[in-house]
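Since the structure comes first, as structure tokens, the remarks are kept for the end.
The values are calculated or read from the model by the stated rules, or taken from the named source; none is laboratory data. Keep in mind that this is a model prediction, so the values were computed, not measured. As a convention, Cβ positions derive from the backbone with ideal geometry for all residues, glycine included, and neighbour counts pool all protein chains shown.
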Amino acid sequence: MKMRMIKLDPDFLMQTLQGKNEPFTSSLPSDVELLDIKYDLFSRQISAVIRSDSFENVADSLPIPELKVTYTKSAKAELKPATNTKVETMPAEKAFVQKSQDIRGVEEEFSPEQRELLSFTVDGDYIVVKPIQYLKAEWTEINTVVKSIGGRWVKGDIISYWEIPIP
């Protein structure tokens, strides 16, 4: 497994997307691929799973190691203002509140110990529950809870997860 986890500050990311930060370069390899990204609203932390052939191979049974990314200001990089950019705002507050309630309801089905091992996100009509580390004996208990609320295990090539229909 040639994957790593990087943690990002949401304020830094938003300022970068808005063009307010100084141009920078990072220590990430040029062949890096983004596999998954998660925003934990309560801890205000963005976690991204990335892959690169230049990363050292780690056994699948181990948790994904964290990669410390260093940033340096780039003298060559220039931010060019976007032209003809129209930002559309959508009334998402109502939908966000409903999705948060759906996630909280599903999270409450799990024990506090199990919740620490999982991430919960909404994807369309499903709540996606992903393990944040390798699950050993806990997998069977978590799978039983997921099945009891109508969910199923989705086996992926790189990342597997549970999906639970939103009630």
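Brief remarks on what is shown
- Scanning segment 131-140 turns up no residue that is surrounded by 14 or more Cβ atoms within 10 Å (Cβ to Cβ) and farther than 23 Å from residue 59 by Cβ.
- Of the criteria (1) modelled with pLDDT of 85 or more; (2) surrounded by 11 or more Cβ atoms within 10 Å (Cβ to Cβ), which one residue 65 fails: (1)
- Residue selection: residue 2 fails the criterion of being free of Cβ contacts under 8 Å to residues at least 40 places away in the same chain and among the basic types (Lys, Arg).
Residue by residue, here is whether (1) β-branched (Val, Ile, Thr); (2) at pLDDT below 75; (3) touching a Cys at 6+ places or on another chain (Cβ under 6 Å); (4) farther than 26 Å from residue 123 by Cα holds:
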{"position": "54", "(1), (2), (3), (4)": "no, no, no, yes"}
{"position": "58", "(1), (2), (3), (4)": "yes, no, no, yes"}
{"position": "73", "(1), (2), (3), (4)": "no, yes, no, yes"}
{"position": "76", "(1), (2), (3), (4)": "no, yes, no, yes"}
{"position": "81", "(1), (2), (3), (4)": "no, yes, no, yes"}
{"position": "87", "(1), (2), (3), (4)": "yes, yes, no, no"}
